[in-house]
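Worksheet for the structure shown next.
The values are calculated or read from the model by the stated rules, or taken from the named source; none is laboratory data. In this text, all values refer to a predicted model and were calculated from it rather than measured experimentally. All Cβ positions, glycine included, derive from the backbone under ideal geometry; neighbour counts span all protein chains shown.
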Amino acid sequence: MKRAVAIVVVFAMVLSVLGLALALVLGGVLGSDGQSGRPQRDGPAPTTTPSGDATEPPDPALAGFYSQTLDWQPCESGPENECARLEVPLDYAAPDAETIEIAVLRVPAAEPEQRLGSLVVNPGGPGAPGTSYAAAGDGVFRAPLLARYDIVGFDPRGTGASAPVDCLSDEELTRFLAADPAPDEPAEVTALVEDLEDFFAGCAELSGDLAAHVSTVEAARDMDVLRAALGETGLTYLGASYGTKLGATYADLFPDRADRLVLDGAVDVSLTGRGLNLGQAAGFERALRAYVGDCVENTDDCFLGDTVQEGLDRITAFLDDVDEEPIPAGRRELTAGSAFYGLITPLYVSDYWFLLSQGLETAFEGDGTTLMLLADTYASRTPSGEYADNSAEAIYAINCLDDPSSTPVEDIPAQVPDFLEVSPTLGEVFAWSLVGCAGFQSAPDALDGPTGEEITAAGAEPILVVGTTRDPATPYEWAEALAAQLEPGVLLTRDGDGHTAYNSGNACIDTAIEDFLIDGTVPDDGTTC
C-alpha cells in the first residue's frame, strides 16, 4: 500500500493552476466573466535597468547577485513570452561557493504605456513551476492585471527548470504514487517506511548538496534577488496556496521591500504538521460533502444515492473495494492510491465536479480510466509515462526540509480517531500522512530565517490575505489565522467552493484584488464577497 498519496495531498495545498490543467484536458479555457484572456500588446515590450536602490544587497557579500541584469530571450512557450536565467548562491551562508540558476519567464504588459511594473507570481505546491503559471497567464489572470503588469513567474529552486531535485525514476515514481494511502497490515506498514527511506536516499544520491538547499526561506531569498534584477525597489506579488507561505516568509525577511502582496488560499504558517493535516482532512471532507450534496439536490436521480450520507458511504465502499482489488484503467490499473488522487483532484475546482461524477460512475462499472486521468493530471504525469515536471518529488524535498518532523508509525493508530472525527470518509488517509518525512536525510545547518509563529512581517505594507469558505486544500480558518498573525494582514473572504479565490467567478473578489494591486486600494479588513 502506498502512503505517498496522503503525504503529497497534505503537503501540496495544491496548485491553483490545477483548474487550468483540467480545462486544457477538456480543450477549454478558464474564465470567469469575460475579462480573462490576454489583451493585444500595443508596442514593444519594455526593458528595465535595475536602479542603485533596487540592487542594494542585504549583505555586501551578495552584491554580485543583486547587481545582475536579466538577459531576456524569446522562449519556447510562446512568441510573446520572454525567458531568462537568474544566478543565486546554492547556500546563502557561502555565497562565494557553488551557484545555481533560477528559470524566469515574463509575459510583458499588454499596455506598456500604462505599465506599473512586474507582478511576480507563484502557483503553489511546493514544487509547481512558476514559469508555466505565468505562461498560462491568459487562463489564470484577468485582463486588468495582464494589461498593467509584466507577469513574471519563476521556478523556485529545486523545481521545474531551476536545478530540479531528483529522487526516483519515472517508473519508480509512478509506483510510489499508485498504492494505498492507509496501510492496514504489518507488512504494509514496514513497506511504508522502507519506501520513504528509499525515496529520500534517492534524493541524496541523485541530487547531492542541492537536496539540503531547497527550503522556503532560501526560495524567498531568491525572490528578493529576482526583485532586484527586475529593477523593482519593492516586490509586487500574487501567491496562491503554498505560494502564500512563500510570500509571508518573504515579507518577514524583507519587510521594507514588500510592496503589494496578495496571498490567496492562505496557509496558516504557525501550524504543526498535525494541525495542517487535520485542517486538510476537514477541508476535503467539507468539499466532498458539498459535491455529494450538489448531486443529491440538483440531479433528478443522483447516481450516488438519495442523501449525502448515502453518497459518502457509496464512495467509501468503492475506495475499500479498489483497495482490495484494483480495476482496469486502460493499460494500467486503478489502485487505491490512484483512486484517491482521482477523487480529490476535481474537488479543487467546483466547475469540474462533473468530471468526478463521470469518473466515479464509470469506475463503479469497472472502468477506472477517467479517475486515472485525473490522478495523472494531479501528478503532472503524461500519457507516455513521463512527468511534465518534478513537482511530485520536489514537494517532499521542500516540505521535509522546512519541517523534518514525522510521527512514528506505531503512534499513528492512536491518531486515527481524531482524524475520523473531522473527516469520516478520508480521515484515516490524512492520519497516515503524519509519517511524511520518515527517512528524511538532509538536515539544514542553519536556514537563518523565520519559521512558524515567528512570521509576522512587522513593518511591511498592508498584505491582502484571501480565503475561500469551502476551500478543500487551504481551509478558510487558515486565512483567518494568517491574516491575524501578520501585523499588516488584511482579510478578504470569498464565500464559495473550490481552491483559491481570484478569477473564480466572483467579481467582487476579482475587483478587490485588482484594485489593491493596480491602485493600492486596501479593502476593509474582514470584507466578504
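Here THR521 does not fit the description of being outside any helix (DSSP H, G or I) and under 18 Å from ALA240 (Cα atoms). One residue stands out among those in segment 184-199 that are surrounded by fewer than 22 Cβ atoms within 10 Å (Cβ to Cβ), under 18 Å from CYS437 (Cβ atoms) and not small (Gly, Ala, Ser): the one that is farthest from the chain's Cα centre (by Cα), which is THR190. Taking the criterion of being part of a loop (DSSP other than H, G, I, E, B), under 25 Å from SER215 (Cβ atoms) and in the same structural domain as ARG221 (by TED's automatic domain parsing), would at least one residue in segment 100-117 satisfy it? Looking for residues that are part of a loop (DSSP other than H, G, I, E, B), under 25 Å from SER215 (Cβ atoms) and in the same structural domain as ARG221 (by TED's automatic domain parsing), one finds none in segment 100-117, hence no. Taken together, the residues in segment 339-383 that are among the β-branched types (Val, Ile, Thr), part of a helix (DSSP H, G or I) and over 22 Å from ASP313 (Cβ atoms) amount to 2.
Let's see how each residue does on (1) in the same structural domain as PRO472 (by TED's automatic domain parsing); (2) under 20 Å from THR474 (Cα atoms); (3) in contact (Cβ under 8 Å) with a residue 12 or more places away in the chain; (4) of a type in the set (A, V, I, L, M, F, W, C):
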residue: ILE315; (1), (2), (3), (4): no, no, yes, yes
residue: ILE327; (1), (2), (3), (4): no, no, yes, yes
residue: TYR348; (1), (2), (3), (4): no, yes, yes, no
residue: THR377; (1), (2), (3), (4): no, yes, yes, no
residue: ILE395; (1), (2), (3), (4): no, yes, yes, yes
residue: PHE419; (1), (2), (3), (4): no, yes, yes, yes
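Okay, residues lined up against (1) within 30 Å of ILE455 (Cα to Cα); (2) among the aliphatic types (A, V, I, L, M); (3) free of Cβ contacts under 8 Å to residues at least 12 places away in the same chain; (4) surrounded by 21 or more Cβ atoms within 10 Å (Cβ to Cβ):
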site	(1), (2), (3), (4)
ASN277	yes, no, no, yes
ALA287	yes, yes, no, yes
TYR291	no, no, no, yes
ASP306	no, no, yes, no
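Of all residues in segment 64-99, those satisfying the criterion of being in a loop (DSSP other than H, G, I, E, B) and not hydrophobic (A, V, I, L, M, F, W, C) are SER67, GLN68, THR69, ASP71, GLU76, SER77, ASP91, TYR92, PRO95, ASP96, GLU98.
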